[in-house]
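Beneath this line is the structure, given in structure tokens, with notes to follow.
The values are calculated or read from the model by the stated rules, or taken from the named source; none is laboratory data. Fair warning: this is a prediction, and the values are worked out from it, not measured in the lab. Counting neighbours? That spans all protein chains shown, and the Cβs are built from the backbone with ideal geometry, glycine included. All accessible areas refer to the heavy atoms of the entire protein, side chains included, with ligands and DNA or RNA removed. Shrake-Rupley method; radii C 1.70, N 1.55, O 1.52, S 1.80 Å.
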Protein chains: 2
Amino acid sequence: MHENDNVAVVVRTGGLPAGTEVRPGLVLREAIPQGHKVALATLPEGAEVRRYNVVIGHALQEIAAGGWVNEHRIAMPGARELSGLPLSTRPQEPQLPLEGYQFDGYRNDDGSVGTRNILAITTTVQCVSGVVDFAVRRIKEELLPRYPNVDDVVALNHAYGCGVAIDAPAAPIPIRTVRNISRNPNFGNEVMVVSLGCEKMQPARLLPPGAIPMRGAEQADVVCLQDDEHVGFMSMIDSIMRTAERHLQRLNARRREPCPASALVVGMQCGGSDAFSGITANPALGHAADLLVRAGATVMFSENTEVRDGVDQLTSRAATPAVAEDIIRELAWYDDYLRMGSVDRSANTTPGNKKGGLSNIVEKAMGSIVKSGSSPIVGVLAPGENVREKKLPPGLVFAATPASDFICGTLQLAAGMNLHIFTTGRGTPYGLAECPVIKVATRTDLARRWHDLMDVNAGRVADGEIDIEALGWEIFHLMLDVASGRKTWAERWKLHNDLTLFNPAPVT
Amino acid sequence: MHENDNVAVVVRTGGLPAGTEVRPGLVLREAIPQGHKVALATLPEGAEVRRYNVVIGHALQEIAAGGWVNEHRIAMPGARELSGLPLSTRPQEPQLPLEGYQFDGYRNDDGSVGTRNILAITTTVQCVSGVVDFAVRRIKEELLPRYPNVDDVVALNHAYGCGVAIDAPAAPIPIRTVRNISRNPNFGNEVMVVSLGCEKMQPARLLPPGAIPMRGAEQADVVCLQDDEHVGFMSMIDSIMRTAERHLQRLNARRREPCPASALVVGMQCGGSDAFSGITANPALGHAADLLVRAGATVMFSENTEVRDGVDQLTSRAATPAVAEDIIRELAWYDDYLRMGSVDRSANTTPGNKKGGLSNIVEKAMGSIVKSGSSPIVGVLAPGENVREKKLPPGLVFAATPASDFICGTLQLAAGMNLHIFTTGRGTPYGLAECPVIKVATRTDLARRWHDLMDVNAGRVADGEIDIEALGWEIFHLMLDVASGRKTWAERWKLHNDLTLFNPAPVT
Ligand SMILES: [Ca+2]
Ligand SMILES: [Ca+2]
Ligand SMILES: [Ca+2]
Ligand SMILES: [Ca+2]
Ligand SMILES: [Ca+2]
């Protein structure tokens, strides 16, 4: 905690009873649950409540020293204005490069590197998903065993259909998301597409010839279900399987080779946060993010509503004023989007967050933002944009997305993520078929109960067993191992969330 | 076609070449593709173009008799104002009741009847979907074979997560959709829920005790993944399987018994329409809808943008002025929803529609609306509402939904649909796990190519082999057979689209 803070968090499992002397002269006036806050001094009505050296609220009534500071007793501050922000004002001290760190990956022709070797089947429209699921089951049973160097076959099904108003101002977001996921480094640029035929988002609109790199072809291999050649259902399945086999053959010939850590594109997010998120898992991830940046990698953080209250920290850390302006533009767009639906950033917090001790979105945001570490922010992606297409330099990138785990993960896949790391306090069995997901528990009791779902126990920080820096290094090394093929728990159980598109456009 | 129409549709496969004399004195001035329109008389610039006795556009230039009337040559009329509409003005001649028609269904305690006997697993939040998919695979392999009277086990996965702003004005739509799908008649009110624990949409908020009928319990059986009792992933899977088995045992004891046709709740929609939709499949379905209404059943039509241009037909057919006002309210809400996203109803049409001869949404709507038949409209459902909960009388119901096949089908499941019928011109391999789907092709060539995906060939009407009325009766009888257990093609291949929620609320 920061020296200016006037609250502290109870870390003990089960919380602490009234009467406990938590530090010399400070006695709890009431029982306080684990993860919740105690007032370190008496807070008069209207007083600022500070955590992370930030005002997370104002006391709604006097709270005596040793009292429980919770969401019912403090008022949330208004959102920071998006004008007059500091632009790239923080001195950018060059960090010492970290050299020599490698992992074994699959090199792609375009210079990107896969951490997995997966055949992905792109779909232009929701209508084909039942057929593609059927075909993928048969490919896995009948073809995949003959191509042992291929890790998996994945249907890139999604909810994009002709209902999405394709000419609406916001429609480019889901379209570029599907396009950019197809070129994720883990798919080796072996793009194949299943199309219906009558859809609005035709294959040539989704993947204009030449617009994305493909191996061995100018255009994507397309199977169109409405083609005259398809007589009977099995002829569609046969076409998809024949096309898939061509790509499986080429994917199977690939081998892992040593690649510099700079080829990693790591997507970070958190889900089901608690008050420990900001004390254990997220600061350790922030340290690992700094190590990745020093090793030349690209690291993305996201979740608009969870950075909104720390916008001044981000704009001041921007590498250039132009990057700061990009951050402001994305957050302003998102403010408008929420306002159109008559909500604001406070819609983010959940009952689980509050039960876990997070009083409001300001407190949650401060605990979330620390996973971005301390590096300068070198670039910004709008939802669905891609780091390579946008030619961003390596380093820390703000990929603007909703905080929804599924939407954020889908957008980070589109951004080019080849490794995903996910911190959780309450616990979520999140996983992706397209990319390995390392899961970090914020508390030891969660890590114990979910021993075969959580890859890292950051609760050891609160238990005094390890410090933030050492845990950051441990996570950094684990990332290199997983990038080299070590399976995460979510991979072992094959826990695969569906892709979830961010579609701010209306549907008809 | 109507006697006032000044265009006609070319029905011949492959279209007709220039020079063809299509009727005495009318020679084609250019080749016209199948499904496209020919001018029956010279249309001066600005002239009304009439099909279905409705103005579908105005000529942008003079079109000579025998000329091709397509989307480039006519301008779409503006949308009908929603004020000053005729309210329940059409004389409601009582239709002769059809008595004695039955099917073999599964009777539920609440009076509803299932056409299938399915164990559905409700989920409160997207986060649990990977775990539920894992559990359902094991239930199907290990438990289902021991319960032969149960047709299937279905995970009711969806994209609702804490990202959906739960207090937004539009948020009740996806919530009530998930709630009402859980009580679909095909699930026998054997409600079981998998919850994460920290989600905003807690089980008691999704399914308040007493709010929905459940067999053998006051509250839904809930498996909560974050419960302390769950140590290790397999303990979660075991809990879900144990809970599922209790419900499988009860479902397995059920038997089909004769039920009146009035227990049917039929959802109708179309997808991938062409110019034949309004000539063959949809009019035949309209006739079948009239037969169902005469037999006392509930029949829903939907797809807001496809009725918007025929709103005056609907309001005049409303059984009462109050029903007409409900129709107007839903369509006005939807106009606003589209306007917020800067689009309008014309976003509905696809390249496939246009290639198939539908010049614009007005023409498409007129061909779509005929599937509602000629009965009075006795009730209106807002998106996600349910016929039983709303205590609608039997008869023809307008269930207001987007036209998107997946969203419309999901909302009709929530409305209480136990049988789905779907007409298609271009062809779509649509199917649902929750309810049988009868698919009707508008053209013979599609029915021939997709011989094992299409259940009915309405192209026989254009071929002169059957008339609308006889085909309507054929569809009516097929519905009773399918309701009694006869499998549709989509069921035989297990083509199962994912549920797709209509969520007009923003995500954070
Ligand atoms: Ca988060
Ligand atoms: Ca998240
Ligand atoms: Ca339709
Ligand atoms: Ca539709
Ligand atoms: Ca799925």
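At 1.4 Å probe size, with every protein chain present, just tell me what the per residue accessible area of the protein assembly as shown comes to in Å².
34 Å²
Can you tell me the mean projection area, over all orientations, of the convex hull of the stretch A:190-267's alpha carbons? Units nm², please.
Result: a mean projected hull area of 7.5 nm².
Extension gain A:GLU3-A:VAL231, at 0.36 nm per residue separation less the Cα-Cα distance, in nm?
Answer, rounded to one decimal: 74.8 nm.
If you wrap a convex hull around the C-alpha atoms of chain B and split its volume per residue, what is the figure in Å³?
About 145 Å³ per residue, rounded to a whole number.
To the nearest 10 square angstrom, what accessible area does B:SER316 show with a 1.4 Å probe?
20 Å²
Run the numbers on the stretch A:159-200: which residues show a drop of 10 Å² or more in accessible area, chain on its own versus all protein chains together, using a 1.4 Å probe over heavy atoms?
Output list: A:ALA159, A:CYS162, A:GLY163, A:ALA165, A:ALA168, A:PRO169, A:LEU196, A:CYS198, A:LYS200.
Need the list of aspartates and glutamates near B:LYS390 for cross-linking: C-alpha distance under 15 angstrom, and skip anything on the same chain fewer than eight residues off.
The qualifying aspartates and glutamates are B:ASP110, B:ASP326.
With only alpha-carbon atoms in the gyration tensor, what are the semi-axes of the equivalent ellipsoid for the stretch B:366-410, in Å, largest first?
For the stretch B:366-410, the semi-axes come out at 18, 17, 6 Å.
In nm, one decimal, shortest first: how far is the label point of A:GLN219 (7 Å from Cα along Cα to beta carbon) from the matching points in the other copies?
Copy-to-copy label distances for A:GLN219: 5.9 nm.
Please report, in whole Å³, the volume per residue of the convex hull around the C-alpha atoms of the stretch A:7-75.
Normalising the Cα hull of the stretch A:7-75 by residue number yields 77 Å³.
In whole Å, what are the Cα extents of the stretch B:362-462 along the three principal axes, biggest one first?
42, 30, 22
Provide the percentage of antiparallel DSSP beta bridges, counting only those with both residues in the protein assembly as shown; round to the nearest 5.
40 percent
Leaving ligands, DNA and RNA out of it, report the carbon-plus-sulfur percent of the accessible area of the stretch A:64-152 at a 1.4 Å probe.
On the stretch A:64-152, the fraction of accessible area on carbon and sulfur atoms equals 49 percent.
Are there GluC sites (Glu not before Pro) in the stretch A:1-65 that DSSP marks as loop and that have at most 13 other Cβ atoms within 10 Å, and which are they?
A:GLU3, A:GLU30, A:GLU45
Under a straight-distance cross-link criterion of Cα-Cα below 19 Å, which lysines are reachable from B:LYS494, leaving out those fewer than 8 residues away in the same chain?
A:LYS140, B:LYS140, B:LYS439
For chain A, what does the helix formula give at 222 nm: sum of -39500 (n - 2.57) over DSSP H segments with n ≥ 4, over the residue count, nearest 500 deg cm²/dmol?
-8000 deg cm²/dmol
How much length is gained on full extension from A:ASP463 to A:ALA18, taking 0.36 nm per residue of separation minus their Cα-Cα distance?
Contour length minus the Cα-Cα distance gives 158.0 nm.
Gain in length, A:GLN95 to A:ARG339, computed as 0.36 nm per residue apart minus the alpha-carbon separation, to one decimal in nm?
83.9 nm
Quote the Stokes-Einstein diffusion coefficient, in whole µm² s⁻¹, for the protein assembly as shown, based on the Kirkwood radius over alpha carbon pairs, a temperature of 25 °C and a viscosity of 0.890 mPa s.
D = 82 µm²/s.
Taking a label point 7 Å from Cα toward Cβ, how far is B:LEU96 from its twins in the other copies, in nm, shortest first?
9.5
List the lysines whose alpha-carbon lies under 19 Å from that of B:LYS37, not counting same-chain residues fewer than 8 positions away?
Answer for B:LYS37, where 19 Å is the Cα cut-off: B:LYS354, B:LYS355, B:LYS364, listed by chain and number.
I'm checking a number: the convex hull volume of the Cα atoms of the stretch B:1-141, normalised per residue, in Å³. What is it?
Per-residue hull volume (Cα only) is 348 Å³.
Compute the normalised compactness of the stretch B:108-252: alpha-carbon radius of gyration over 2.2 N^0.38 Å, N being the residue count.
Cα Rg divided by the expected 2.2 N^0.38 Å: 1.01.
Which three lengths, in whole Å and largest first, does the stretch B:88-141 cover when its Cα atoms are put on their principal axes?
55, 31, 18
What is the local net charge at B:LEU96, summed over the other residues whose Cβ is closer than 13 Å to its Cβ (Lys, Arg +1; Asp, Glu -1)?
Combined, the nearby Lys, Arg, Asp and Glu give -2.
Provide the descending list of Cα extents for the stretch B:258-492 along its principal axes, expressed in whole angstroms.
For the stretch B:258-492, the Cα spread along each principal axis is 45, 42, 31 Å.
Would you mind telling me the antiparallel percentage of the DSSP bridges in chain A, rounded to 5?
The answer is about 40 percent antiparallel.
When the Karplus curve 6.51 cos²θ - 1.76 cosθ + 1.60 is applied with θ = phi - 60°, which whole-Hz ³J(HN,Hα) does each residue of the stretch A:302-317 get, with x for Gly and Pro?
For the stretch A:302-317, the Karplus curve yields 8, 6, 3, 5, 8, 10, 4, 7, x, 4, 5, 5, 6, 5, 6, 7 Hz.
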